[in-house]
Amino acid sequence: MRRTVVEWVVTLAVAALVVLVVEVEVAQPFRVPTSSMEPTLHCARPGIGCTSSLNDRVIVAKIVYRFRDPRRFEIAVFHAPADAKKLCTEGGTYLKRVIGLPGEQVSERNGFFYVDGRKLHEPYLTLHDRDSVTKSWPRLGKGRYFVMGDNRLGSCDSRTWGSVARSSFIGPVVATYWPPTRWTVR
């Protein structure tokens with residue numbers, strides 16, 4: 001009996017350690033808290049702009065950014081810059097789409113985005129998701145990224161608070177696992 005209890009305790013301790021190591025080093029779940037990524041990722045009503053009854057839950061592959069840099073168009077999780085915490089209603093950890101890479105210049109003309117003068121093809125957006133702004137931002141410095149939410153009318157992002165440092169990135173979103181009807185691998 002005592003041996004069985006010890007085996008169970010050791011098994012549970014090892015399982016908990018493995019889960020902890022995986023979450024700290026490999027992958028981590030996150031909840032989509034706001035409507036900034038609608039319609040790609042949903043947040044729950046009654047949140048402003050939210051279209052679902054449940055928040056999407058995603059898996060972020062933290063280990064990926066140990067081996068490579070963020071790529072254009074991938075949805076990434078990162079620690080918000082200090083200005084974001086001051087200018088937006090929420091601070092902490094953000095989830096946005098990478099648009100501009102180091103050394104590039106991002107501009108907007110009537111709601112369409114350009115990188116170094118080339119129009120971006122953004123099939124994940126509808127005309128309804130775009131704003132009508134025309135503006136250019138300073139060329140991105142070394143290790144700086146321009147990120148935006150897919151809900152361009154309801155996202156507080158690099159257009160407001162500037163670029164994100166490479167060191168602030170946690171990892172790319174690799175899957176949506178909740179609710180089960182929205183299960184997606186990216």
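On average, how much accessible surface per residue is there in the stretch 65-148, in Å², for a 1.4 Å probe, leaving out ligands, DNA and RNA?
Result: 55 Å² of accessible area for each residue.
Mind listing which trypsin sites (Lys or Arg not before Pro) in the stretch 85-145 are in a DSSP loop and have 14 or fewer other Cβ atoms within 10 Å?
Here the sparse-neighbourhood loop sites are Arg139, Lys142.
Over the chain, what percent of the accessible surface lies on carbon and sulfur atoms, probe 1.4 Å?
61
Using the 2.2 N^0.38 Å rule of thumb for compact globular proteins, work out how the stretch 132-184 stacks up: its C-alpha Rg over that value, please.
1.46
Tell me, what HN-Hα J-couplings in whole Hz come from the Karplus equation 6.51 cos²θ - 1.76 cosθ + 1.60 at θ = phi - 60° for each residue of the stretch 129-143, using x for Gly and Pro?
Each residue's phi maps through the Karplus curve to give 7, 8, 9, 10, 7, 10, 6, 10, 10, x, 4, 6, x, 4, x Hz.
If the only charges are +1 at each Lys and Arg Cβ and -1 at each Asp and Glu Cβ, what is the size of the charge dipole of the stretch 53-186 around the Cα centre, to the nearest 20 debye?
Computed about the Cα centre, the dipole is about 360 debye.
Remind me, relative contact order of the chain in percent, using alpha carbon pairs under 8 angstrom and six or more residues apart?
Value for the chain: 24 percent.
Once you place label points 7 Å from the Cα toward the Cβ at Tyr177 and Arg118, how far apart are they in nm?
About 3.6 nm separates the two model spin labels.
In terms of the ratio Rg/(2.2 N^0.38 Å) built on C-alpha atoms, what value belongs to the chain?
In units of the 2.2 N^0.38 Å rule of thumb, it is 1.19.
Between Arg71 and Val133, what is the spin-label point distance in nm, taking each point 7 Å from the Cα along the Cα→C-beta axis?
Reported label-point gap for Arg71 and Val133 is 2.7 nm.
If the reach is capped at under 27 angstrom between alpha carbons, list the lysines near Lys62, excluding any in the same chain fewer than eight residues apart.
Here the lysines satisfying the reach criterion relative to Lys62 are Lys85, Lys86, Lys96, Lys142.
Just to confirm the filter: which chymotrypsin sites (Phe, Trp or Tyr not before Pro) across the stretch 41-131 are DSSP coil and have at most 15 other Cβ within 10 angstrom of their Cβ?
Phe67, Phe73, Tyr124
Can you grab the distance from the C-alpha centre of the stretch 37-76 to the C-alpha centre of the stretch 148-186, Å, no decimals?
Distance between centres, Cα-based: 4 Å.
If the cut-off is 19 Å between C-alpha atoms, which lysines fall inside it for Lys119, apart from same-chain ones fewer than 8 positions away?
Here the lysines satisfying the reach criterion relative to Lys119 are Lys135.
The values are calculated or read from the model by the stated rules, or taken from the named source; none is laboratory data. Quick caveat, the model's predicted, so the values are computed rather than measured. When we count neighbours, we look across all protein chains shown, and the Cβ atoms used for this are built from the backbone with ideal geometry, even at glycine. Remember, those area values only see protein heavy atoms, side chains included, never the ligands or the DNA or RNA. Shrake-Rupley method; radii C 1.70, N 1.55, O 1.52, S 1.80 Å.
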